[in-house]
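The values are calculated or read from the model by the stated rules, or taken from the named source; none is laboratory data. Everything numeric here is computed off the predicted structure, so don't read it as measured data. Note: ideal-geometry Cβ built from the backbone for every residue, glycine included; neighbour counts use all protein chains shown.
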Amino acid sequence: MRLRRSRFGELAAAQLDVFARDHRDALDEIERRLDAYRGSDRGDAEELYGDYVDAVDAAADILVAMRDHYAGTVDDRDAYVRAFNRAAASRFPELARALDEG
């Protein structure tokens, strides 16, 4: 059985490369916030986890806007969105939930 490759897979991967390059600061912020949460004591954990979630949401908002902007230019929006979401969830799993909601 041959697996069918998405016609938008390479395009989505290229766009994720652009996102990673142009929004490195947002991705770094997620890592910093997660590290702070993991290193926190019980008293600070809730607030620091909230900061982490806020950083994830901010990066996801950028990624969703990028996806949706380009989706309006292709002939099969739904196929593009599915391919983009699959590729993004694989590359940036912490952003996957927001992509499904976005």
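Structure notes:
- For first residues located in segment 42-55 and part of a helix (DSSP H, G or I), partners that are modelled with pLDDT of 95 or more and among the basic types (Lys, Arg) and lie 6+ apart or on another chain with Cβ distances below 8 Å form the pairs LEU48/ARG33; ASP51/ARG33; TYR52/ARG33; ASP54/ARG33; ALA55/ARG32; ALA55/ARG33.
- Single unsatisfied condition, ARG7 versus (1) over 16 Å from ALA98 (Cβ atoms); (2) at pLDDT 95 or above: (2)
- Among the residues here, TYR80 does not qualify as touching a Phe, Trp or Tyr at 6+ places or on another chain (Cβ under 8 Å), of a type in the set (Phe, Trp, Tyr) and under 18 Å from ASP25 (Cβ atoms).
- Within segment 69-88, the only residue that satisfies the criterion of being assigned to a loop (DSSP other than H, G, I, E, B) and surrounded by 14 or more Cβ atoms within 10 Å (Cβ to Cβ) is VAL74.
- Enumeration of residues in segment 21-44 that are surrounded by 14 or more Cβ atoms within 10 Å (Cβ to Cβ) and either at pLDDT 95 or above or touching a Lys or Arg at 6+ places or on another chain (Cβ under 7 Å) (or both): HIS23, ALA26, LEU27, GLU29, ILE30, ARG33, LEU34, ALA36, TYR37
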